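Below: the structure, in structure tokens.
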Amino acid sequence: MADVLLQNIFKVFQGMDKAAVSNVEARIDHGEFIVLVGPSGCGKSTLLRMIAGLETVSRGEISIDGTVVNDMSPRERDIAMVFQNYALYPHMTVFDNMAFGLKMRKFCKEVIRTRVREAAAMLGLEELLHRRPKALSGGQMQRVALGRAIVRRPKLFLFDEPLSNLDAKLRGSMRSEIIKLHKRLGVTMIYVTHDQLEAMTMADRLLVMRDGKVEQEGRPLDVYNEPLNQFVAGFLGNPPMNFISCSISHENNDLLLSNESFRLVATAEMAEVLAPYAHQGSRTVLGVRPEDISEVSPGALTDTKQSVAARIDFLEPMGNEVLATCRFGSAEGVVRLSAQTKVRADGTARFNIDVTRAKLFDPQNGERFF
């Protein structure tokens with residue numbers, strides 16, 4: 001196992017004005033499973049490649065087990081990397097692909113044979129050791145790439161979007177395989193993905209990146225429930241959080257959040273935070289998760305102060321639920337509905353919003369203030 005310390009890491013590619021990675025600070029402890037997650041082009045793979053030694057560091061220090069590795073070759077860092085495209089040798093058998101790294105390091109034949117067969121048993125590859133990559137499925141090739149890393153017994157595993165070439169069902173099973181592998185080996189793993197579902201289900205801790213910077217880090221549910229800004233709130237979650245621009249006003253003893261189609265009463269805690277901003281023309285962005293919006297049955301009694309009317313643009317039946325894309329005044333949002341819903345596209349419906357779970361964001365910079 002290894003711990004990794006990233007201190008003030010920058011990466012600027014030649015000919016670029018903007019840093020691909022900017023001022024990243026992070027500590028990864030022994031045995032942690034860390035996921036770097038963010039949209040394409042956010043710098044997560046570049047950061048991983050710098051940890052691996054495949055990219056140079058423009059500024060800052062990368063330490064593995066207390067040793068600065070900036071000037072070390074990838075081989076000297078004792079890491080194993082699993083790539084998106086598997087990177088298998090097409091002319092070699094599964095056995096030889098898994099054994100290649102050990103052969104290059106001059107391990108004896110008996111050790112190589114033992115390690116390869118142990119890894120093959122762990123990954124269900126025993127019957128495939130004689131095959132070549134062209135005779136394997138995508139999932140089998142990915143397991144071979146994992147096996148090649150396992151036989152090395154490195155102190156640090158790096159994964160660069162290893163499941164992105166697989167179909168949805170296979171991705172789910174391979175996620176489980178990697179989680180089991182981490183628990184079994186107990187080694188430090190750093191995993192890059194743009195898939196927030198992978199990030200939420202696999203990580204001990206997330207580093208959410210945007211434009212080369214870490215926007216937020218923390219345990220998956222902590223980041224999901226307490227996002228620091230609108231970007232993180234909108235990136236994590238499927239469907240993502242709904243954002244509705246609202247005006248802030250007072251009416252009697254209530255503080256209201258309003259747009260063209262509703263007037264919601266803020267909670268006491270919200271009102272305390274919003275009080276300094278409740279002047280003429282002040283606005284905020286209301287963030288509500290789809291699961292915190294519930295359909296009001298026709299004819300049912302409802303608190304009109306906490307409910308909204310919406311026009312239904314279209315429906316997406318998912319089997320166990322229906323996702324409804326709605327229009328809340330000028331704002332578009334997604335609501336989770338029961339599979340038995342009577343709502344129809346191009347119709348209207350009324351929904352309760354759980355304001356106690358809503359978030360408020362600054363419309364200027366996207367930072368969350370409640």
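The values are calculated or read from the model by the stated rules, or taken from the named source; none is laboratory data. These figures come from a predicted structure and were not determined experimentally. As a convention, Cβ positions derive from the backbone with ideal geometry for all residues, glycine included, and neighbour counts pool all protein chains shown. All accessible areas refer to the heavy atoms of the entire protein, side chains included, with ligands and DNA or RNA removed. Shrake-Rupley method; radii C 1.70, N 1.55, O 1.52, S 1.80 Å.
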| field | Sequence-distant aspartates and glutamates (8 or more away, or on other chains) whose Cα lies within less than 12 Å of Lys18 | value | Asp211
| query | In nm, to one decimal, how far is the modelled label at Leu197 from the one at His30, with both set 7 Å along Cα→Cβ? | reply | 3.6
| said: I want to check the label-to-label distance for Arg327 and Phe369. Put each point 7 Å from Cα in the C-beta direction and report it in nm to one decimal. | reply: 3.1
| query | Which shape class, rounded, prolate or oblate, goes with the chain when its Cα gyration tensor gives a ≥ b ≥ c as root eigenvalues, a/c under 1.5 marks rounded, and past that a/b bigger than b/c marks prolate? | reply | prolate
| remark: Full extension between Ala121 and Asn165 adds, at 0.36 nm per residue less the Cα distance, a length in nm of 13.5 nm
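Multiplying the sequence separation of Glu251 and Glu110 by 0.36 nm and subtracting their Cα-Cα distance, what value in nm do you get? Provide the component values of the computation, followed by the final result.
Working: separation 141, 0.36 × 141 = 50.76 nm, distance 8.06 nm.
Full extension of this stretch gives 42.7 nm more.
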| Do you know the relative contact order of the range 185-258, to the nearest whole percent, from alpha carbon pairs under 8 angstrom that are 6+ apart? | 18
| task | Would you calculate a helix-derived [θ] at 222 nm for the chain, using -39,500 (n - 2.57) for each DSSP H run of n ≥ 4 and dividing by the full residue count, to the nearest 500? | result | -7500 deg cm²/dmol
| message | From Cα pairs below 8 angstrom and at least 6 apart in sequence, can you work out the relative contact order of the chain, rounded to a whole percent? | response | 15
| note | Too long for a 19 Å Cα-Cα cut-off, among Lys11/Lys155; Lys155/Lys180; Lys109/Lys183, are Lys11/Lys155; Lys109/Lys183
| If you roll a 1.4 Å probe over the heavy atoms of the protein chains, what accessible area per residue do you get for the range 217-279, in Å²? | 49
| remark: For the chain, the percent of accessible surface on carbon and sulfur atoms (probe 1.4 angstrom, ligands and nucleic acids excluded) is 49
| query | Just in the range 218-298: which GluC sites (Glu not before Pro) are loop by DSSP and have at most 13 other Cβ atoms within 10 Å? | reply | Glu260
| note | Treating only Lys and Arg (+1) and Asp and Glu (-1) as charged, each at its beta carbon, one finds that the range 1-75 has a dipole about its Cα centre, in Debye to the nearest 20, of 300
| message | From Cα pairs below 8 angstrom and at least 6 apart in sequence, can you work out the relative contact order of the range 97-178, rounded to a whole percent? | response | 36
